[in-house]
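First up is the structure itself, then whatever we jot down about it.
Any read-out appearing in this document is the output of simple, stated calculations on the displayed coordinates, not a laboratory observation. All of these numbers come straight from a predicted model, not from anything done at the bench. Note that each Cβ is placed from the backbone with ideal geometry, even for glycine, and that neighbours are counted across all protein chains shown.
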Ligand code: KG4
Ligand code: ZN
């Protein structure tokens, strides 16, 4: 079965055509064609995503990217319904509706966070032809339930429990800023370009290599709170105060970035430990843009290895952590090939509306 998917929830315009089928114990996905256009450079002067600019760019980019897909047959169309920036989501939905109407194909509404979760559970199948670059085959199989997911992106930070396939419970979340947003804001304070997450990560790595120590210690908000919630606005403010009226050398700036990353990682390690204990999860997965962070990955890997050796830790392939349409297609295909959704009985989808604050918990 083939799904053509559209993603426009934030500042990436993505289109992907993915083939999926059921295999013993799970599913296999093969990316037949994909296109992704990032607007990051355009939003950089604003230090974050400017919604109306994102909307205009999607409007311009969708027909341009779609030209490559025009003659490709598909069984269904999938589109991100939310969460995300409503004007941006709306462009993708309108465009997907038009393509679905023209091809008399069903249109499926996909939750962006569920797509991060499902695609992160899928593991790349390395073939000789795609040695680590441009991975096209993914297998999602032998997943032991319950699954605990830590979803960390520019708009979200949440612990999600999947006891049964496609049923989600949010068991912890940020009370204020998302962790990716905090990375981007602190990067801006350090005069690093947008998006700041990868930049902080890059200079923090240098600091660790050189064994540089930061002058200040940042707080680890809510690390001892008796729940699975987190908070990042206090950390952001603490960073602002610590950097006020300071001229940092390159080494001091790198050491500060490492201290910031340490603070974030300490919080996630502590809360994940608590969540894994409390839920009895058999699989742990991380997803979303910040799941590309090398240091956070390592710290969580160490936690699972040391404290929960019987839990399987699924680390997403970095090619799939940031926003893209492949994950939207994979999520639709997982529902379809598992028999959870049936194309014959699905409505045409022409009534789908953008929902900026759509929850994964339904
Ligand atoms: O999932 P995503 O692509 O978009 C949203 O749905 O929000 O996540 C984007 C976020 C940005 O805040 C970006 O700075 C952050 O992910 N990010 C990182 C890294 N790569 C991307 N944060 C920390 N370390 C990274 N390596
Ligand atoms: Zn995302």
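Where the centroid of each part is defined by its Cα atoms, how far is segment 212-233 from segment 288-362 in Å?
Computed from Cα coordinates, the inter-centre distance equals 26 Å.
Just want the ordering: 38, 359, 119, from fewest to most Cβ atoms lying within 10 Å of their own Cβ.
Fewest-to-most Cβ neighbours within 10 Å comes out as 359, 38, 119.
In what sequence do 43, 116, 156, 340 fall when counting other Cβ within 10 Å, fewest first? Please list the in-between numbers first.
On the way: 43 20, 116 31, 156 25, 340 10.
So the ranking, lowest neighbour count to highest, is 340, 43, 156, 116.
In nm, to one decimal, how far is the modelled label at residue 355 from the one at residue 226, with both set 7 Å along Cα→Cβ?
3.4
Ranked by Cβ crowding within 10 angstrom, fewest neighbours first, how are 313, 138 ordered?
313, 138
Scaled to the compact-protein estimate 2.2 N^0.38 Å, what is the alpha-carbon radius of gyration of segment 147-314, rounded to two decimal places?
1.03
With the contact rule set at Cα under 8 Å and sequence spacing of 6 or more, what percent relative contact order holds for segment 147-314?
29
How long are the semi-axes of the ellipsoid equivalent to the chain, from square roots of 5 times the Cα gyration tensor eigenvalues, in whole Å, largest first?
Here the semi-axes work out to 34, 24, 18 Å.
So what does log10 I(q)/I(0) come out to for segment 1-97 at q = 0.13, 0.17, 0.23, 0.25 Å⁻¹, using the Debye formula with one equal point on every Cα and no solvent?
Rounded to two decimals, the profile gives -0.47, -0.73, -1.12, -1.24.
If you average over every viewing direction, what projected area does the convex hull of the Cα atoms of segment 77-182 give, in nm²?
9.2
As an exercise, use a Förster radius of 25 Å and the Cβ-Cβ distance of residue 175 and residue 44 to find the FRET efficiency, rounded to the nearest 0.05.
0.30
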